[in-house]
1. For ILE166, what accessible surface area do you get with a 1.4 Å probe? Give it in Å², rounded to 10.
2. Keeping all protein chains in place and using 1.4 angstrom, which order do ARG133, ARG17 fall into by accessible surface area, from largest down?
3. Leaving out ligands, DNA and RNA but keeping every protein chain, what accessible area does ARG143 have, in Å² rounded to the nearest 10, with a 1.4 Å probe?
4. Please give the charge dipole size of the stretch 1-79, origin at the Cα centre, charges +1 on K and R Cβ atoms and -1 on D and E Cβ atoms. Round to the nearest 20 debye.
5. For THR118, what accessible area in Å² do you get when you roll a 1.4 Å probe over the heavy atoms of the protein chains, rounding to the nearest 10?
6. As a quick test, which of the pairs LYS69/LYS183; LYS24/LYS68; LYS130/LYS183; LYS15/LYS183; LYS15/LYS187 have an alpha carbon distance above 30 angstrom in this structure?
7. Which of ASN67, VAL109, ILE57 sits closest to the plus end of the dipole of the stretch 52-149, meaning its Cα is farthest towards the positive end, when Lys and Arg get +1 and Asp and Glu get -1 on the C-beta?
8. Please find, in a Gaussian network model of the chain (springs between Cα atoms separated by less than 10 Å), the residue of THR121, THR74, THR156 whose mean-square fluctuation is greatest.
Amino acid sequence: REFEFGLDARMFNNKIRLDVAYYKKNTFNQILNLGAPAESGTPSRQINAGNIQNQGIEAVVSATLVNKKNFEYTTTVNFTRNRNKVVDLYPGVSEVQLDLAFGADVQSVARVGKDYGTIITNYAYATNDKGERVLNAAGQFIRSGSYGQGFKEIGTMMESFLASNIHEIRWKNLSFFAQFDAKIGGKMASATHQY
């Protein structure tokens with residue numbers, strides 16, 4: 001279920017173009033793997049359930065800076081900011097594991113009320129009631145799993161925003177394109193850094 005509204009504006013004989021849109025989309029009945037009772041003879045079952053919400057803005061600005069008979073130069077900037085949230089999974093289910101890293105030390109989960117792809121670990125620093133890191137007798141930091149705090153959220157795999165810049169140069173009948181893309185934000189688990 002989705003709605004979207006936006007603006008498409010062109011100025012100065014199409015030399016400057018602006019396309020801005022806001023959207024909100026809810027996707028229902030994802031395929032989820034849930035645990036099954038041991039007496040069923042299968043470790044898990046697949047069901048259709050859930051409600052994942054995505055909302056955000058997309059903006060594209062394009063400008064033809066040079067427009068001659070044999071030469072044309074156009075640049076385009078694209079910006080996207082999406083926010084997602086797990087609205088609902090299944091009655092009685094508040095979290096579904098998506099993927100593991102380093103065994104079960106780092107996990108990606110779908111958690112109700114959080115981003116799809118929230119990253120959790122039991123190797124985070126344990127903290128006291130004041131939010132200060134807890135040390136053992138040797139002055140070393142204690143991990144949350146060993147301190148009874150279990151898994152802690154360390155972020156989301158989802159980016160804060162996406163951006164790109166496209167350059168198009170036309171000389172007579174030849175065209176040249178160059179595109180630069182950026183994905184800003186989001187966490188990842190790196191086995192290279194772990195080892």
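The values are calculated or read from the model by the stated rules, or taken from the named source; none is laboratory data. All of these numbers come straight from a predicted model, not from anything done at the bench. Counting neighbours? That spans all protein chains shown, and the Cβs are built from the backbone with ideal geometry, glycine included. Each accessible area value is taken on the protein alone, full model and side chains, heavy atoms only, with ligands, DNA and RNA left out. Shrake-Rupley method; radii C 1.70, N 1.55, O 1.52, S 1.80 Å.
1. Its heavy atoms expose roughly 50 Å² to the probe.
2. Values: ARG133 130, ARG17 50 Å².
Descending accessible area places them as ARG133, ARG17.
3. 80
4. Value, rounded to 20: 360 debye.
5. Approximately 10 Å² for this residue.
6. Correct reply: LYS69/LYS183; LYS24/LYS68; LYS130/LYS183; LYS15/LYS187.
7. The one lying farthest along the dipole's positive direction is ASN67.
8. Highest fluctuation of the listed residues: THR74.
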